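What follows is a set of notes on a single structure, which appears directly below.
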Amino acid sequence: MFFVCTHNAARSQMGEALLRRHADDRFEISSAGFHPTAVHPLTHRALSEVGIDSAALRAKPATEFLGKARLKYAIIVCGDEEPNCPRIFPFTLHTLHWPFDDPTKAEGAPEARLQEFRRVRDEIDAQIRTWLRDLDSEP
């Protein structure tokens, strides 16, 4: 299980952390970016607000994983309008597209920016829960 986006700073990190919480040891879970930067401080804050310790999260390049292991799922979380957003991820059986707004692009006062991280975190959390329920109901 692999979450992919451009910078591996917010959405894919949230996906990794939230799926770990909900799926326990059901999957081997990681995340990466095609142009990784660093985990955004508000990503850490948004996750800590829901009781997730994100200290071990780090931004990783997708090349760290390419061709190293065959993955069942790659979940691309960047939006279609982002020019560096991948459309496919090689060496996976299933590529899922879950486009979410990039909270690192939020502008305004600090509280408004944090609110955007919370909103995206909650959307990712809801998508993960729905997907896990759907997987569990498959024959």
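Show the residue pairs meeting these rules: Cβ distance below 7 Å; 6+ apart or different chains; first residue within region 88-102 and closer than 12 Å to Phe2 by Cα; second residue in a loop (DSSP other than H, G, I, E, B) and modelled with pLDDT under 90.
The qualifying pairs are Pro90/Leu66; Phe91/Leu66; Phe91/Gly67; Phe91/Arg70; Thr95/Ile88; Thr95/Phe89.
What are the pairs, 6+ residues apart or on separate chains, where a residue within region 38-53 that is closer than 17 Å to Asn8 by Cα has its Cβ under 6 Å from a residue that is of a type in the set (Val, Ile, Thr)?
As it stands, the answer is His40/Thr104, since those pairs meet every condition given.
In region 96-134, how many are on the phi > 0 side of the Ramachandran plot and modelled with pLDDT under 95? Walk me through how you get there before you give the answer.
Taking region 96-134 and keeping what is on the phi > 0 side of the Ramachandran plot, we get 108.
From what is left, the residues that are modelled with pLDDT under 95 are none.
Matching residues across region 96-134 total 0.
Give me a count of the residues in region 4-43 that are crowded, with 16+ Cβ neighbours inside 10 Å and closer than 27 Å to Glu111 by Cβ.
Counting residues in region 4-43 that are crowded, with 16+ Cβ neighbours inside 10 Å and closer than 27 Å to Glu111 by Cβ gives 20.
Mind listing whichever residues of region 92-139 are of a type in the set (Ser, Thr, Tyr) and crowded, with 17+ Cβ neighbours inside 10 Å?
At the first step, the residues of region 92-139 found to be of a type in the set (Ser, Thr, Tyr) are 92, 95, 104, 130, 137.
Those that are of a type in the set (Ser, Thr, Tyr) and crowded, with 17+ Cβ neighbours inside 10 Å: Thr92, Thr95, Thr104.
Has region 24-35 got at least one residue that is of a type in the set (S, T, N, Q) and within 19 Å of Phe100 (Cα to Cα)? Step through it out loud before you land on a result.
Step one: of region 24-35, the residues of a type in the set (S, T, N, Q) are 30-31.
Keeping just the survivors that are within 19 Å of Phe100 (Cα to Cα) gives 30-31.
Checking region 24-35: at least one residue is of a type in the set (S, T, N, Q) and within 19 Å of Phe100 (Cα to Cα).
The values are calculated or read from the model by the stated rules, or taken from the named source; none is laboratory data. These figures come from a predicted structure and were not determined experimentally. Glycine gets a Cβ as well: all are built from the backbone with ideal geometry, and neighbour counts include every protein chain shown.
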